[in-house]
Amino acid sequence: RSQCTILVTGETGVGKGHLARWLHDRSQRADGPFIAVNCGAIPESLIDSQLFGHSRGAFSGATHDHPGIVRAAEGGTLFLDEVGELPPSAQVRLLRLLQDREIQPVGHAHPVEVDLRVVSATNGRLTEAVREKLFREDLLFRLDVVRIDMPPLRSRADEFTGLLAVFNAEFATLYDQPALEFEEEAILALRAYRWP
């Protein structure tokens, strides 16, 4: 229920986004929005405007004010997936958000205060990116207040049976079918799988 910034690390597919949503749902901000952004999916030329907003006339084609994704998360949680993919200009703006709780939309004369919690995730090694000058060290310091390392399923064999039961029930409901029954041989085969 803390307000602190959280960095979730782990391989692709381990459930970092699910964990971020779970954290939001149990936080003091659970009644606010949960806004998830894949930082690698927004073109570099649009990321500042998309994340932090812009004023009408700020650039060619800006025909109206756009509040931006960050302001859409006001009162809730902003989840930045693949935060290591942010270009340098967005890293500077994100640092200001974390330090001062304000943003400067493109073309705005004055900063705008925002009230939200930031949870970010990466499947890469941000420390290495800092060494290679691809990621700001001061931003990593601000993002990495609490770190949660998500291990892959192959290293969580003790959780396998419980996860199998949960997903079995979930898919049975989703597809309006009876739950599957698994032979012991099938469970052993699933446990032996490498789960890349």
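Please treat every number below as a calculation from the coordinates, not as lab data. Source: prediction; values computed, not measured. Note: ideal-geometry Cβ built from the backbone for every residue, glycine included; neighbour counts use all protein chains shown.
For region 47-97, what is the Kirkwood hydrodynamic radius in Å, using each pair of distinct C-alpha atoms?
One over the average 1/r among Cα pairs gives 11.8 Å for region 47-97.
Ranked from highest to lowest mean number of other Cβ atoms within 10 Å per residue, what is the order of the peptides 136-149, 5-18?
5-18, 136-149
Compute the orientation-averaged projected area for region 1-91 from the convex hull of its Cα atoms and round it to one decimal in nm².
6.5 nm²
If I take all pairs of Cα atoms in region 66-123, what percentage of them are more than 12 Å from each other?
Counting pairs separated by more than 12 Å, the tail of P(r) holds 68 percent.
Along region 36-51, what does the Karplus equation 6.51 cos²θ - 1.76 cosθ + 1.60 (θ = phi - 60°) give for ³J(HN,Hα), rounded to whole Hz, x for Gly and Pro?
Residue by residue, region 36-51 yields 9, 10, 8, 4, x, 8, 9, x, 4, 5, 10, 5, 4, 5, 5, 6 Hz.
Hey, what angle do you get for helix 16-25 against the long axis of the chain, alpha-carbon based, 0 to 90 degrees rounded to 10?
That works out to roughly 80 degrees.
Using only the alpha-carbon atoms of the chain, report the extent along each of the three principal axes, biggest first, to the nearest angstrom.
66, 42, 33
Once you have the Kirkwood Rh of region 100-196 from its Cα pairs, apply Stokes-Einstein at 25 °C and 0.890 mPa s and quote D in µm²/s.
Estimated via Stokes-Einstein, D reaches 134 µm²/s.
Name the residues of region 26-48 whose amide N is less than 12 Å from a point 7 angstrom out from the Cα of residue 148 along the C-beta direction?
26-27
Any idea how far apart residue 187 and residue 165 come out in nm if each label point goes 7 Å out from Cα toward Cβ?
1.0 nm
Kindly give the semi-axes, whole Å and largest first, of the ellipsoid equivalent to region 132-171, taking each as the square root of 5 times a Cα gyration tensor eigenvalue.
Square roots of five times the eigenvalues give 35, 11, 10 Å.
For region 44-141, report the convex hull volume of the alpha-carbon atoms normalised per residue, in Å³, without decimals.
For region 44-141, the hull spanned by Cα atoms encloses 94 Å³ per residue.
With a cap of 10 neighbouring Cβ atoms within 10 Å, and only residues DSSP puts in a loop, list the chymotrypsin sites (Phe, Trp or Tyr not before Pro) found in region 1-109.
none
Where the eigenvalues come from the Cα gyration tensor of region 3-51, what are the semi-axes √(5λ) of the equivalent ellipsoid, largest first, in whole Å?
Semi-axis lengths for region 3-51 are 22, 16, 9 Å.
Would you work out the charge dipole size for region 1-118 about its Cα centre, treating the Cβ of every Lys and Arg as +1 and the Cβ of every Asp and Glu as -1, and quote it to the nearest 20 debye?
Using only the charged Cβ atoms, the result is roughly 240 debye.
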